[in-house]
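What follows is a single structure, written as structure tokens, with notes after it.
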Amino acid sequence: MRRQGRAQSEVLAELDNLRTRDVPWNRVLNSICTVPHEAALRAGQAALDSNLGDLRIFRGCREVEQRALALMGELLGKADCAGSLVSGGTEANLLAMYVARKRRPDIAHPEIVAGETVHYSFGKVCDMLGITLRVVGLDERFRMRPDAALEAINASTIALVGTAGSSEFGAVDPIEELAAIAHSRALYFHVDAATGGFIIPFARALGRDLPQFDFSLAGVSSIAMDPHKYGMSIIPSGAVFFRDQALRDSINLESFFNATPTHHSLIGTRSGAAAAATYAVLETLGFDGYLEVTRKNYRVMDYLIDKLVRQGYRLVAPPQLNIVNVDLPNAVEVMRALEECGWIISVSKRFRHCLRLVVTHHVDEAMVDQFVERLRSIATP
Ligand code: 0PR
């Protein structure tokens, strides 16, 4: 660290300059995160000094967190579920698996069963908790096969994990069937809806053919759902919900000082700004606001698909959520060439022929037109 500080204006100018290196949103087609809603940005900025790790000081923020959780719990079909705002999908999945692990101390070598496109955060989580991750096969639309899940479940299985919106394909596992399997075996069932949680309720209301994924299904034990993805809040905003208080309380840990709360999240010092931002966007948009956002995302995605198909490109599978994969044998080279022209798309390390395009809030028809034109100049269908 330098001995003497520099002028603040100079430091801020340096930072502004560094940020000009970031790719502008209108060239970003790989990100599940997007430009936060204005209400989220403003509310978050106003609460940047707050800490949900000290509820004796931040009493108002505590109420903000409770209100945000209540709104999301209601959206998930159970206003009285037990939620926590967390740093994102990884922490949400970790806490859910921590609960599942705690629930079965009798099992010496615990295993969980999930589909092949389960998020890589489960690799980290299982490593940390000493759990074996058993991945099972997918159908032609990249969804976990329930018959394969049934085969993989054994006496050491502590949880079944369904993905409601995979990162790579936006594929939604057959959550209803998986919930029934878990329920009939009294097995813990976690739904990773980090990506789909803020799409599926609205897409279903718009008549899209997607399975139910929430607490209205008897077998669902917990749900991860990220406001900082399709929820349009600020980073870091994640959330995890447990069917009842007792499940969440199983991971309670005491803090040091008198009159301070027990913790049920991994992170101790937690951003009150994230809670304020999430509450602000939930309240400002309301159900109908998210419905419009979702309608627009599907409209732009359908426009993109139509344009691609008319140019002769092939999709890997019909998308369920707003993630499109184009079948291109040289997808990795195309990705590099696009990046040289300023466009960011992604190609999965496992599915190397899939050129993945994420349609979210900042993507519109004009952007799609520019992108498809650029793609055509680089890759023949
Ligand atoms: N579960 C699912 C289904 C996810 O899609 C993700 C993130 C997570 C869990 C983990 O969430 P956190 O990253 O909040 O802990 N999926 C994206 C991915 O890994 C995250 C992302 C978002 C990456 C925006 C890049 C980006 O620009 O690809």
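So the values come out like this:
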quantity: Dmax and Rg, reported as Rg then Dmax, of the stretch 1-159 (C-alpha, Å); calculated: 21.8, 65
quantity: P(r) tail fraction, the stretch 93-234 - alpha-carbon pairs more than 26 Å apart, %; calculated: 16
quantity: For Thr132, residues with placed amide H under 5 Å, excluding near neighbours; calculated: Glu111, Ile112
quantity: About the Cα centre, charge dipole magnitude for the chain (Lys/Arg +1, Asp/Glu -1 at Cβ), debye; calculated: 560
quantity: Helix-derived mean residue ellipticity, 222 nm - over the chain, DSSP H n ≥ 4, -39500 (n - 2.57), to 500; calculated: -12500 deg cm²/dmol
quantity: The stretch 65-199, accessible area per residue, ligands and nucleic acids excluded (1.4 Å, Å²); calculated: 36
quantity: Bins of 5 Å, starting at 0 and running to the largest distance - Cα pair percent for the stretch 207-247; calculated: 6, 20, 19, 21, 20, 13, 2, 0
quantity: Considering only the chain, percent of DSSP beta bridges that pair antiparallel, nearest 5; calculated: 55
quantity: Cα-only Debye scattering, the stretch 1-61: base-10 log of I(q)/I(0) at q = 0.13, 0.23, 0.28 Å⁻¹; calculated: -0.69, -1.00, -1.10
quantity: Spacing of the two label points (7 Å from each Cα toward its C-beta) at Glu339 and Ala7, in nm; calculated: 3.7
quantity: Prolate/oblate/rounded label for the stretch 254-381 (Cα gyration tensor, a/c 1.5); calculated: prolate
quantity: Share of Cα-Cα pairs in the chain lying beyond 26 Å, as whole percent; calculated: 54
quantity: Local net charge near Thr294, Cβ-Cβ under 12 Å (Lys/Arg +1, Asp/Glu -1); calculated: +3
quantity: Kirkwood hydrodynamic radius over Cα pairs of the stretch 219-297, then Stokes diffusion coefficient at 10 °C and 1.306 mPa s, in µm²/s; calculated: 108
quantity: Amide H partners (placed H, <5 Å) of Phe142, local residues excluded; calculated: none
quantity: Residue-normalised accessible area of the stretch 262-381, expressed per residue, 1.4 Å probe, Å²; calculated: 45
quantity: Sulfur and carbon atoms: percent of accessible area, the chain [1.4 Å]; calculated: 50
quantity: Estimated dipole of the stretch 1-42 in Debye, rounded to 20 [Cβ of Lys and Arg +1, of Asp and Glu -1, Cα centre]; calculated: 180
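The values are calculated or read from the model by the stated rules, or taken from the named source; none is laboratory data. The structure displayed is predicted, hence computed values, not measured ones. When we count neighbours, we look across all protein chains shown, and the Cβ atoms used for this are built from the backbone with ideal geometry, even at glycine. Keep in mind that these areas ignore ligands, DNA and RNA; they rest on the heavy atoms of the full protein, side chains included. Shrake-Rupley method; radii C 1.70, N 1.55, O 1.52, S 1.80 Å.
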